[in-house]
Structure formats: C-alpha cells, structure tokens
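Report on one structure; see the data block that follows.
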Amino acid sequence: MSTPYGDPAHAPQGDKERDDIAALAKGGRTNLFGFFLRLAARIPFLFIAGRAASYGPAALGRFASALVLIELTSMLCTMGEKRGLAQRLSETEGQVRPANVIADGSILAIIASCTAALLFWFVPGVLFPGGHYTQIDRLMVIALPPFTMTEIWLAALAYRLRVTPTVWSRAIVEPWTISIMAGAMIWLAPESGLSIAYIASIYAAALTAAIPFFREYGLPRGWKPRPGAMRKLALRSLPIALADAIEWGTRRVDIFLLGFLAPASAVGVYYAAQQVASLPQKLKTSFEPVLGPVITRNLKEKDYAAIARQVCQVGFWITASQAGIALALGIPGNGVMGLVGREFVGGTGALAFLLAAEVVAATAVVSEAALIYVARLRNLWVSIGTIALQAVLTLFGILLMQRLGFNPLFQAAAAACALMLALGLSSIVKSVMLARILKEPINNWRWALVWAAAPAVVIGFLAVRFLPEWAALAFGIPAILGSYFLVIWKKAFGPEDRRLFQKAKKVETPLGEQLPG
C-alpha cells in the first residue's frame, strides 16, 4: 500500500490530530448515510419528471435552465458564508456572541438574495432563455432567499460539528418534497408542476435547517446593523463568495450554454444525466462541513503538516468512494438513464463523462477547502480560469458537434467532456499550489484504486452483456460496488482510513464537544 505518508499508523500524529481525523470520519460517515438517502429520493423525481406525459425532456430542460441561474445566484448571495463563516467564528470565539457574528453575514445575504429575486422577477427572460414560462414559473425566484439562508444555517451548525441537520435538510426533506410534490402536481398544475415542487422543497429544507440553528445559537443579543463593518465583511468575503459560486457554476455553465444553443429536450436529457452524476459529487459535501472547522483550527495553530495530512486523508476517501460509484452507475449507464425514460438513453455518453469529471475533481475540492483560507485570491483566480476554460471548451465542443452534423445528444456529451477536462486541470493546479504553500505533499492517489477498478469493470461488463437490463441494474450495481470496495478495504485502507467506518465510544472535537460514536 502506498500513501503520501507511508503507513498511516506510523504517521506523526498526536492525540489532537487523531481526534481531528475521528471528527472528520464521523461527519463524513453521517453525511455518507445521507448520500444514500438522497439517492433513494432523487430517483423518483427523475422518474416522474422524465416519464409523466405533462413533463418530459423539454419541460425538464426549461426547469433546469431556470434552476441553474437561481442556485448559482444563491451561492453568490451567501457572501462566502458557506465556508468563510467557520473562520470568522473561530477568530471571534470567546469574544463575540456567535449569533451576532452570524447575523452580520445573514443581513447581507438577505439583502443580496431579495435584490436578485426582484431582478429576475422583472427580467424573466434571463431565467427562461426559450421564452416559455408561466406566471407560476416566474415565482421560482422566491426560492432565492430561503435557499441562501439554508446554506448559512447549515454552515453554522457544521462549525459545531452538527451535521445531522444537513442530512435531514438536504438528503431527506428537500429531495422527498420535490419528488412528492412533482407527482401531486401532475393532476393539480401540470404546466408548472416542476416549479411548484421546487419552491416547496426549498422552503421545507429551509424550515428543517432553521429549527436546529435557532436552538443551537439562539437570537442575536445587543446586536444592531453596522453598515461600515458589513461593508468590510462583504469585501473580505467576496473572494470566497466568488470561489463558491464558480465551484457551483462549473457544474452548471454547461446547462446554461446548452439552454441557448441546443433544444430544450437535449437540455432535459443532460440535466437528468447530471442529476445522476452529481450524486457522487455529494460525497464531497459529506466531509466539507467538518473539514472547514478542523482546517481553521490548525491554521490558527500553524500546524500545516496536520492540514496536509487531513486534506490527503479526506481526498482519498472522496476519490475512492466516487470512483466506485462512478463505475457502478457508468457501466450499466444505458439502464440507469433508461429508468428516467426511453428518450434519455441517448444521454449515456454525457453521463460517463460527468461521472469521470467528479472523480478527477476530488483533488481540487479538498485542496480548495484549505486554499480559501491560506490563498483565497490565488485560489479565486484559478477558479475563474477553470470556469472560463470550461466555458470555452463547452462552446467549442457544442459548435463543433453542430458543424459536423451530430445530433443534440452528442452536443451534450461534448459539454460533459469539457467539464471533465477543466476539472482535471484544476485539480493539478490547486494541489500543486497548496503543496507549495504548506510545504507538504498533497496527493490523494493510490495505485490500489486501479486494482479495485479491474474486477469491478469485468463484473460490470459481464452483467451488462449477459443479464437482462433489470437484472444488470438490480444485481450488477451491487456486485460492482461490492467487488470494488472489498479490494479497496483489503489493499488500500490503512488504520486511519478505516476510522471512516468504525465508531468510537466518544470523540473529543476541536471545539471541546463530545460526539457520540
């Protein structure tokens, strides 16, 4: 077994760092469970949206075009609090009431999100490039403020290592609400059913996050708006806000461009493929809420070696998990896309590239978790370069497919390939940048991943080749995952890696709280 630090059991770690790794493992384990819950809830929505006569690929494409811009704008409106809040709370710990610290950023976020919502309401053509929308569809803009505040509330809870509300809000309430409401709207409001379902899901998720947030932090006391301080906060948070928006935008700019250049049906097929491919991406959010507070505390103590080890540790966990899920969903890709509807099978090529993109992006994701604190401006410029490169490659790929006479689904595959290439380059640049800053190696690759993939590919090929489609999905996917993770467990996982699946009696968190195992 090869790791950046040799045998993890002999890595130079003290009790504090073992507690950090245990806290990371517990947070990731909790949210990993949420990933499977989200998977179970997302499939019914795609099935309803893809197969219902009142929806279909075109309606799903129009919905996706609006959704992209709303959620991208929301990331900007958080003013960087999704990841910057942990650093501000750490810096003011014991000096200022935490609820007061959160209130400063919250007011800015509310003002920004309400302003953006009004703008989109009066200029709906930006949200719906094809010009097809109803008055109810325009109401999607009212999801902006609650979506923005949910991100801040969950980030604040994550600072205290309370990740269960994230699972409830994002993995249970939100996806199940949109699935149930989309089904109900088939009979009540078929023309705007997807929009109504989305609005309902965002407000339900916001309520689910708000209750534990106010229980944990309470209301501000002795606080009043300070325009000068808030202006400084906005300027300070701008690089993080832009980095958050760009990171989100790399997964959305392709849909945005397809919305202008390809038919709505092609956008719908691509969106369905992206929803399936984004499920592995949620694994990085399994660790993100806990990784931020751990990094900020080690930065305060200038323990750069610990940060490097934690980034590599979490990076490997994410890469290994995403690669296994990508194989399980990608090899029987025709069957997976066929679950949504027969018209969606042509999106299998896009699905394959999108799944590969999530695997190569893992290194960039964990490197950026530290870079936003130690080199926020340089990280921002790399992120801007990444999304600019992706936009250029996407545009080039779509226009090239059109010129060569290929159908719109080939254009969608070209957009997915552009995302994979851009994220791969970003991973290389950001890992090298962080390694130079910390003066420690950053590498989450282990050759055991290749050994694990080999039997998984063989099993997947045999399942697709010799089993009927339903059996390839029902038995092939578990077999692929089982063989892959068995090899990973035996050949790649050391003692520290196995903490991800082992419960401790109690874990002393960086904030002095005791977490149950």
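The values are calculated or read from the model by the stated rules, or taken from the named source; none is laboratory data. Small disclaimer: the values here were computed from a predicted structure and weren't measured. Every residue, glycine as well, gets a Cβ built from its backbone with ideal geometry; the counts of neighbours run over all protein chains shown. Side chains are part of the model used for accessible areas, which takes the heavy atoms of the whole protein and leaves out ligands, DNA and RNA. Shrake-Rupley method; radii C 1.70, N 1.55, O 1.52, S 1.80 Å.
Tabulated data
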read-out	value
Where a residue in the stretch 244-256 is farther than 21 Å from Gly397 by Cβ and its partner, wherever it lies, is outside any helix (DSSP H, G or I), with Cβ under 9 Å and at least six apart	Asp244/Thr78; Asp244/Gly80; Ala245/Thr78
Helices (runs of 4 or more DSSP H) wholly inside the stretch 311-416 containing at least 2 residues that are closer than 18 Å to Glu247 by Cβ and out of contact with any Pro (no Cβ under 8 Å at 6 or more places or on another chain)	348-360, 362-374, 376-403
Of residues in the stretch 360-386 being open to solvent by 40 Å² or more (accessible area, probe 1.4 Å) and in contact with a helix residue (DSSP H, G or I) (Cβ under 6 Å, 6 or more places away or on another chain), the one farthest from Gln411 (Cα to Cα)	Val374
When residues of the stretch 125-142 are limited to those that are of a type in the set (A, V, I, L, M, F, W, C) and in a helix (DSSP H, G or I), the one modelled with the lowest pLDDT	Val126
Of all residues making up the stretch 61-83, the number that are over 30 Å from Leu46 (Cα atoms) and either modelled with pLDDT of 80 or more or in contact with a Pro (Cβ under 9 Å, 6 or more places away or on another chain) (or both)	1
Matching residues, the stretch 439-459, being more than 14 Å from Val487 (Cβ to Cβ) and either open to solvent by less than 30 Å² (accessible area, probe 1.4 Å) or in a helix (DSSP H, G or I) (or both)	Ile442, Asn444
Residue that is nearest to Ser383 (Cα to Cα) [pool: residues in the stretch 214-238 that are of a type in the set (A, V, I, L, M, F, W, C) and open to solvent by less than 60 Å² (accessible area, probe 1.4 Å)]	Ala234
Residue count for the stretch 73-113, restricted to those that are of a type in the set (A, V, I, L, M) and without any contact (Cβ under 8 Å) to a residue 40 or more places away in the chain	5
In the stretch 397-413, the residues that are closer than 14 Å to Ala266 by Cα and open to solvent by 30 Å² or more (accessible area, probe 1.4 Å)	Met401, Gln402, Phe406, Asn407, Pro408, Leu409, Phe410
Residue selected from the stretch 230-264 under the condition assigned to a loop (DSSP other than H, G, I, E, B) and charged (D, E, K, R), by the criterion modelled with the highest pLDDT	Arg252
Selected residue (only one of Gly105, Gly94 is surrounded by 21 or more Cβ atoms within 10 Å (Cβ to Cβ) and either basic (Lys, Arg) or farther than 19 Å from Tyr203 by Cα (or both))	Gly105
Any hit, the stretch 447-470, residues being of a type in the set (Phe, Trp, Tyr), modelled with pLDDT under 90 and farther than 23 Å from Trp317 by Cα	yes
Search result, residues across the stretch 181-193 that are open to solvent by 10 Å² or more (accessible area, probe 1.4 Å) and either touching a residue at least 40 places away in the same chain (Cβ under 8 Å) or in contact with a strand residue (DSSP E or B) (Cβ under 6 Å, 6 or more places away or on another chain) (or both)	Gly183, Ile186, Ala189, Pro190, Glu191
Residues being under 24 Å from Glu216 (Cα atoms) and touching a Ser or Thr at 6+ places or on another chain (Cβ under 9 Å) - total across the stretch 107-143	3
Index of the failed condition, Thr164 passing every other in (1) open to solvent by 30 Å² or more (accessible area, probe 1.4 Å); (2) polar (S, T, N, Q); (3) modelled with pLDDT of 90 or more	(3)
